[in-house]
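Taken together, the values in this text are just the output of simple stated rules run on the coordinates, not laboratory data. Quick caveat: nothing in here was measured; it's all calculated off a predicted structure. Glycine also receives a Cβ, built like all others from the backbone with ideal geometry; neighbour counts cover every protein chain displayed.
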Amino acid sequence: MLQDQITQYTAEINAFDTKNADELEQFRIRFLGTKGIIKDIFDEFKAVSPEEKRTLGKVLNEFKQLAEAKYQALNELTENSKLQTENSQLDMTLPGEGFEVGARHPLALVRREIIEIFNKLGFSVAEGPEIEDDWHNFSALNFPEEHPARDMQDTFFIKKADSSLSTGEGRGEAKGDIALRTHTSSVQVRMMEAGQPPFRALMPGRVYRNEAISARAHCFFHQVEGLYVDENVSFADLKQTLFYFVQELYGEGTKVRFRPSYFPFTEPSAEMDISCTICKGAGCQMCKGSGWVEILGCGMVDPNVLENCGIDSKKYSGFAFGMGIERIANLKFEIKDLRLFSENDVRFLKQYKTAII
Ligand code: PHE
């Protein structure tokens, strides 16, 4: 009889208790599963007489609700107790895991130090685009039309999608070339075009040259260039400024010497050496035994460059200089392989976090 079965199962359900997930699942399958007891009873119910249906229907629904409620209640308890055992396995007294603190890139540290030194002399900072036209990177800077630096060997030229641009006339488009800048002297041109002297600024930035990557050369590197234009600026100002810079950067007593050189945009031009920071002039691998290392190029801004930028070269004169940050960092930290700077190995980068604050 259905009524008897229900009474018996009700007792069973009321008595059932567990916090074990497997046992609870057995219970669910046995009573509430698709082939479970409740399904069977409902099937049997279809066959009973209409009078019985009236009374039994209610009993049956209550029975079903009882089974479902039991299952839900026990399921909650089981989940809770599972969480509790997991929590009890956590040792809240263990120290937490520390989080990694990053470090400033050695090139950023050196760039900042260079900028700080020149700040004291009143130099501000100017920036410009890395993708440049021929005018700003070459022509305005007095590079002869056939200068080898314009050659595909050294410069990364950029193809323009709109070829009508390449036939452009007038300054800057004389050759119609667009390239990745090969030096930040292009920013000097932009600065001089935009205003009138006095100018006293540094131009830090990334530059590109078409070189095979090795320990000693890379297809991109970083520069800080400097420009000082005013009335009556002389080579003595240039020497004194750079001498001060070197004393600040590498310490007092560091010697400097200037060797005549050539740059299209300066006249006269020089390269500046300092006494080797590693062996203090005694001779070592870094200075190849000479006691001197070259750190920058410099010179008096060529009057042609001033005129190209709309500045009266009879009234104004100026000096400029440019250095590679990698080279300066190399001498400061003895980093011999240029590739380390762009590999982003944190073990390398973290060594320098306290070198300069
Ligand atoms: N622009 C030169 C270079 O990239 C450096 C330089 C700047 C030299 C200013 C002289 C004056 O090599």
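The amide H of Gly283, built 1.01 Å from its N in the peptide plane, has Gly291 as neighbours under 5 Å, considering only residues 5 or more places off or on other chains.
In terms of its Cα atoms, the stretch 277-357 spans 52, 33, 24 Å along the principal axes, sorted from long to short. The largest-to-smallest principal axis extents of the Cα set in the stretch 2-88 are 56, 20, 15 Å. For the stretch 1-25, the residues whose amide N sits under 13 Å from a probe point set 7 Å from the Cα of Lys82 along the beta carbon direction are 19-25.
Take every pair of alpha-carbon atoms less than 8 Å apart whose residues are at least six positions apart; their mean separation over the length of the stretch 2-88 yields a relative contact order of 45 percent. In terms of distances greater than 32 angstrom between alpha carbons, the cross-link table entries Lys120/Lys336; Lys19/Lys39; Lys159/Lys332 yield Lys159/Lys332.
Run the helix sum for the chain: -39,500 (n - 2.57) per DSSP H stretch of 4+ residues, divided by residue count, reported at 222 nm to the nearest 500 deg cm²/dmol. Mind dumping the intermediate values first?
Details: 11 runs with 132 residues, N = 357.
Calculated at 222 nm, the ellipticity per residue is -11500 deg cm²/dmol.
Considering only DSSP states other than H, G, I, E and B, which trypsin sites (Lys or Arg not before Pro) in the stretch 284-357 qualify as loop sites with at most 12 other Cβ atoms within 10 Å?
Numbers: sites: Lys288, Lys314, Lys315, Arg327, Lys332, Lys336, Arg339, Arg347, Lys350, Lys353; in loops: Lys288, Lys314, Lys315, Lys336, Lys353.
Those that pass, being in a loop and sparsely packed, are Lys288, Lys314, Lys315, Lys336.
Taking Cα centre as origin and charging only the Cβ of basic (Lys, Arg, +1) and acidic (Asp, Glu, -1) residues, the dipole magnitude of the chain rounds to 720 debye.
Give the calculated FRET efficiency between Ser342 and Glu127 to the nearest 0.05, with a Förster radius of 22 Å applied to their Cβ-Cβ distance. Walk me through the intermediate numbers first.
Numbers: r = 20 Å, r/R0 = 0.92.
Efficiency, rounded to the nearest 0.05: 0.60.
Computed on the chain, the Cα convex hull volume stands at 297 Å³ per residue. Loop-located trypsin sites (Lys or Arg not before Pro) in the stretch 1-103 (DSSP state other than H, G, I, E, B) with a sparse environment of at most 10 neighbouring Cβ atoms within 10 Å: Lys35, Lys46. The amide H of Ser261, built 1.01 Å from its N in the peptide plane, has Ser269, Ala270, Glu271 as neighbours under 5 Å, considering only residues 5 or more places off or on other chains.
What's the longest uninterrupted piece of the chain once you rule out the GluC sites (Glu not before Pro) that are loop residues per DSSP with at most 15 other Cβ within 10 Å? Answer from the scan: 1-96.
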